[in-house]
1. Would you confirm whether or not region 72-87 contains a residue that is within 23 Å of A155 (Cα to Cα), out of contact with any strand residue (DSSP E or B) (no Cβ under 6 Å at 6 or more places or on another chain) and modelled with pLDDT under 95?
2. Where residues in region 221-245 are surrounded by 11 or more Cβ atoms within 10 Å (Cβ to Cβ) and small (G, A, S), which of them is farthest from N88 (Cα to Cα)?
3. Could you please find all residues in region 11-45 being of a type in the set (S, T, N, Q) and part of a helix (DSSP H, G or I)?
4. May I ask you to verify whether I96 is modelled with pLDDT of 95 or more, surrounded by fewer than 21 Cβ atoms within 10 Å (Cβ to Cβ) and among the aliphatic types (A, V, I, L, M)?
5. Looking only at region 191-208, count how many residues are closer than 17 Å to I171 by Cα and either charged (D, E, K, R) or surrounded by 12 or more Cβ atoms within 10 Å (Cβ to Cβ) (or both).
6. With a cut-off of at least 3 residues that are among the charged types (D, E, K, R), outside the structural domain of S90 (by TED's automatic domain parsing) and over 22 Å from G158 (Cα atoms), name the helices (runs of 4 or more DSSP H) lying wholly within region 169-245.
7. Restricting to region 151-177, name every residue that is in contact (Cβ under 8 Å) with a residue 60 or more places away in the chain and over 16 Å from A111 (Cβ atoms).
8. Identify the residue in region 51-93 that is without any contact (Cβ under 8 Å) to a residue 24 or more places away in the chain and surrounded by 13 or more Cβ atoms within 10 Å (Cβ to Cβ) and, among all such residues, is nearest to the chain's Cα centre (by Cα).
Amino acid sequence: MQNIYILGNGTMAKALACGLRDRYNITIVGRDEAKLQHLKEQNFQTLHYSKLDIQDKNIILAFKPYALKELASLFKNQARLLISVLANTSIEELQIIKAQNYARIMPNTAAKYKASSTPFVLKNSAFKDEIIDILNHFGTSYELNDEKLMNAATAISGCAPAFLALVAESIANAGVYEGLDKNLSLKLTQGLFQSFNALFTNNHPAIIKEDICSPAGITIKGVKILEEEGLRGTFFKALHASANK
């Protein structure tokens, strides 16, 4: 198995580790001994930052962006691959850590279930196929032709799952308001998202909406309320806020 070192021990780091561990030899690197011990108890290999030599290693950065400069000072050698999930951190900024190639990516936590939608951009073509294989092992990857697009892609792939979680929670709660048992309402909402995934995989969202809305029917009445309340504009504002932090 090829070795990959994931720097960070938060939610994203663990999701990536879970999505990759069946094919790669994963080591999670951190500095909080208690958290590292907890990860060991979950059968992850762990290592303290102070003991990591990055020379010729495949590295994934999955810590908070503010820690980049501090942690970079610990690494004097050159990594083989440096793959970063640090939000709003350019490839130029990543070069504070030496590597043969750099990949800036933004997966989402569905990587845990091999279902992440992951945009990426590379500094050069070295090991490109290998990088794509890594990304596609925990989902589906999409290469961007300009790093300037990364923040917008990040807002969709990395942030919007939280927006959809709010949508799902709202629909489930609305079902309870209308009299459904909360467990049934939640299951119906889960089924709704599964059904929508099948529809969305094969149709443009506008077509889905038009097919469901019959003249003077119950669906178009609900759509009218959402339009009047500015749902579209709210999503525009939310994506813009996340893309321009």
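The values are calculated or read from the model by the stated rules, or taken from the named source; none is laboratory data. Everything numeric here is computed off the predicted structure, so don't read it as measured data. Every residue, glycine among them, receives a Cβ derived from its backbone with ideal geometry; neighbour counts consider all protein chains shown.
1. Yes; the residues of region 72-87 include at least one that is within 23 Å of A155 (Cα to Cα), out of contact with any strand residue (DSSP E or B) (no Cβ under 6 Å at 6 or more places or on another chain) and modelled with pLDDT under 95.
2. G222
3. T11, Q37
4. Working: modelled with pLDDT of 95 or more: yes; surrounded by fewer than 21 Cβ atoms within 10 Å (Cβ to Cβ): yes; among the aliphatic types (A, V, I, L, M): yes.
Spelling it out, I96 is indeed modelled with pLDDT of 95 or more, surrounded by fewer than 21 Cβ atoms within 10 Å (Cβ to Cβ) and among the aliphatic types (A, V, I, L, M).
5. As a first pass, look at region 191-208 and keep what is closer than 17 Å to I171 by Cα: 191-197.
Retained after the next criterion (residues that are either charged (D, E, K, R) or surrounded by 12 or more Cβ atoms within 10 Å (Cβ to Cβ) (or both)): 192-193, 196.
The qualifying residues number 3.
6. Details: elements: 182-202, 205-212, 218-228, 231-243.
Per the criteria, 205-212, 218-228.
7. N151, A152, A155, F163
8. L82
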